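Notes for the one structure printed next.
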């Protein structure tokens, strides 16, 4: 039985099996009427705990608190390796061969490598998403825990208006990562071969031969769904529960970046990876990070396709020059955006018999799950003035200025 974080049962009303499977991060505390512990000692799930000998007291073994739900860090690393091998090798090779065989028969001619790849990619990504759902169901329980409801309005507004500033921050982080990568390649020229196998090189080749709608399906829609399900939905659930919000978000974001393999590309993705995870936790909906992820990829593909039409498609691994002032300012803007997004998160409060809202009630670990129906717990959004004021004064304006500057630079053919 998978426990509900907002259970209405007391300890006395739960069976031994239910109590043992609860997975509370608190020990030596008595839950209140809604199952929230009043802790006296916190159990750090990241550290091993001394386990009493079951032979001394058979009841102790059944009542020891279990770790929070979802994979921890070692298991998450294993999931990342397994996911990459499964999607990129176990699924990709048979899918490519199948598309090639069937496509040749249906088209009456031999499909090119580009045509075969652009058809196989969505199939592989879709199967990867289905495997992630199956893994979540087996590992964490009901799929509804992923948060498939509509996102909250305030979180959606802040996240969408922050995207230009965060995307610009990614370009600056990418410049630093690209510079560091060039230094590494000078020291070890053999590393340069990684450029040939990066996803950026593959997308650059597809841009020249594939229509934009097909490219959006293969490189924007499907990756947004499959990667958000795997990283934020599966890995993030366990890491945030064990390490807390900010350390868990950072660990999940680093794993998300590492899945893109190429060091320069991975370094550029960290700001938006953090924003996507905070958007997920703040809105309690997986649809918001999926939509933001799609928008980021779609804008990048659209700009690259437009540059190709002008005959000046840049080298995908050519990083822009590093500007320390722009790096610091854009990173600050991204930090303000993430802070403001967290300040409008959905919270759980207790409501009395007269409908009066009380203090915020914290679950045993950070979660996107809503409180149960027919309980005295409600989900609401409470505003925090300071981060929203700072965000409103700087972040949307900065993002708009940077977006218009990049557009003007592109329209001028790179001459300003």
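Among (1) in contact (Cβ under 8 Å) with a residue 24 or more places away in the chain; (2) surrounded by 19 or more Cβ atoms within 10 Å (Cβ to Cβ); (3) assigned to a helix (DSSP H, G or I), where does residue 257 come up short?
Among (1) in contact (Cβ under 8 Å) with a residue 24 or more places away in the chain; (2) surrounded by 19 or more Cβ atoms within 10 Å (Cβ to Cβ); (3) assigned to a helix (DSSP H, G or I), the lone unmet condition for residue 257 is (1).
Restricted to segment 375-410, and to residues that are surrounded by fewer than 12 Cβ atoms within 10 Å (Cβ to Cβ) and within 25 Å of residue 296 (Cβ to Cβ), which residue is modelled with the highest pLDDT?
Quick first cut of segment 375-410, residues surrounded by fewer than 12 Cβ atoms within 10 Å (Cβ to Cβ) only: 383, 385-386, 389, 393, 404, 407-408.
Applying the additional criterion that residues be within 25 Å of residue 296 (Cβ to Cβ) yields 393, 404, 407-408.
Numbers: 393: 89, 404: 79, 407: 70, 408: 69.
For segment 375-410, the residue satisfying everything is 393.
Of these, 149, 178, 190, which one is without any contact (Cβ under 8 Å) to a residue 60 or more places away in the chain and over 19 Å from residue 338 (Cα atoms)? Show your work before the answer.
Numbers: 149 fails: without any contact (Cβ under 8 Å) to a residue 60 or more places away in the chain; 178 fails: without any contact (Cβ under 8 Å) to a residue 60 or more places away in the chain.
Only one candidate qualifies: 190.
Pull up segment 157-184, narrow it to residues that are over 18 Å from residue 270 (Cβ atoms) and in contact with a helix residue (DSSP H, G or I) (Cβ under 7 Å, 6 or more places away or on another chain), then point me to the one that is surrounded by the most Cβ atoms within 10 Å (Cβ to Cβ). Working first, answer last.
Kept after step one, since they are over 18 Å from residue 270 (Cβ atoms), are these residues of segment 157-184: 157-158, 160-161, 182-183.
After this cut, where a residue has to be in contact with a helix residue (DSSP H, G or I) (Cβ under 7 Å, 6 or more places away or on another chain) as well, the list is 158, 161.
Numbers: 158: 28, 161: 17.
Checked segment 157-184; the qualifying residue surrounded by the most Cβ atoms within 10 Å (Cβ to Cβ) is 158.
Residue 307: crowded, with 19+ Cβ neighbours inside 10 Å and more than 23 Å from residue 343 (Cα to Cα), yes or no?
On the way: crowded, with 19+ Cβ neighbours inside 10 Å: no; more than 23 Å from residue 343 (Cα to Cα): yes.
The answer is no for residue 307.
Being at pLDDT 90 or above, in the same structural domain as residue 218 (by TED's automatic domain parsing) and either in contact with a strand residue (DSSP E or B) (Cβ under 6 Å, 6 or more places away or on another chain) or assigned to a helix (DSSP H, G or I) (or both) narrows it down to one residue among 166, 124; which is it?
Numbers: 124 fails: in the same structural domain as residue 218 (by TED's automatic domain parsing).
After ruling out the rest, the residue left standing is 166.
Considering only segment 304-318, how many residues are within 16 Å of residue 183 (Cβ to Cβ) and at pLDDT 70 or above? Quick ask: steps written out before the conclusion?
Start the filter on segment 304-318 by keeping residues that are within 16 Å of residue 183 (Cβ to Cβ), which leaves 317-318.
Next, only the ones that are at pLDDT 70 or above stay: 318.
Within segment 304-318, residues that are within 16 Å of residue 183 (Cβ to Cβ) and at pLDDT 70 or above number 1.
Of the residues 202, 187, 134, which single one is surrounded by fewer than 18 Cβ atoms within 10 Å (Cβ to Cβ), over 28 Å from residue 306 (Cα atoms), outside the structural domain of residue 289 (by TED's automatic domain parsing) and out of contact with any helix residue (DSSP H, G or I) (no Cβ under 7 Å at 6 or more places or on another chain)? Before the answer, list the steps.
Numbers: 202 fails: over 28 Å from residue 306 (Cα atoms); 187 fails: outside the structural domain of residue 289 (by TED's automatic domain parsing).
That would be 134, the only listed residue that is surrounded by fewer than 18 Cβ atoms within 10 Å (Cβ to Cβ), over 28 Å from residue 306 (Cα atoms), outside the structural domain of residue 289 (by TED's automatic domain parsing) and out of contact with any helix residue (DSSP H, G or I) (no Cβ under 7 Å at 6 or more places or on another chain).
Just checking, how many residues over segment 275-306 are more than 30 Å from residue 205 (Cβ to Cβ) and part of a helix (DSSP H, G or I)?
Of the residues in segment 275-306, the ones more than 30 Å from residue 205 (Cβ to Cβ) are 277-288.
Subsequent filtering for residues that are part of a helix (DSSP H, G or I) retains 277-283, 287-288.
Matching residues across segment 275-306 total 9.
Mind listing whichever residues of segment 211-235 are farther than 30 Å from residue 368 by Cα and buried (at least 21 other Cβ atoms within 10 Å of the Cβ)?
Residue satisfying the conditions is 215 alone.
Residue by residue through segment 143-163, note down the ones that are part of a helix (DSSP H, G or I) and farther than 30 Å from residue 263 by Cβ.
Step one: of segment 143-163, the residues part of a helix (DSSP H, G or I) are 143-146, 153-163.
Result: 143, 144, 145, 146, 153, 154, 155, 156, 157, 158, 161.
Spot the failing condition for residue 111; the list is (1) surrounded by 14 or more Cβ atoms within 10 Å (Cβ to Cβ); (2) assigned to a loop (DSSP other than H, G, I, E, B); (3) under 17 Å from the mean Cα position of the chain (by Cα), and only one is missed.
(3)
Has segment 206-220 got any residue that is more than 17 Å from residue 289 (Cβ to Cβ), in a helix (DSSP H, G or I) and out of contact with any helix residue (DSSP H, G or I) (no Cβ under 9 Å at 6 or more places or on another chain)?
Yes - at least one qualifying residue is present in segment 206-220.
The values are calculated or read from the model by the stated rules, or taken from the named source; none is laboratory data. What you see is a predicted model; the values in this text were computed from it and never measured. Every residue, glycine among them, receives a Cβ derived from its backbone with ideal geometry; neighbour counts consider all protein chains shown.
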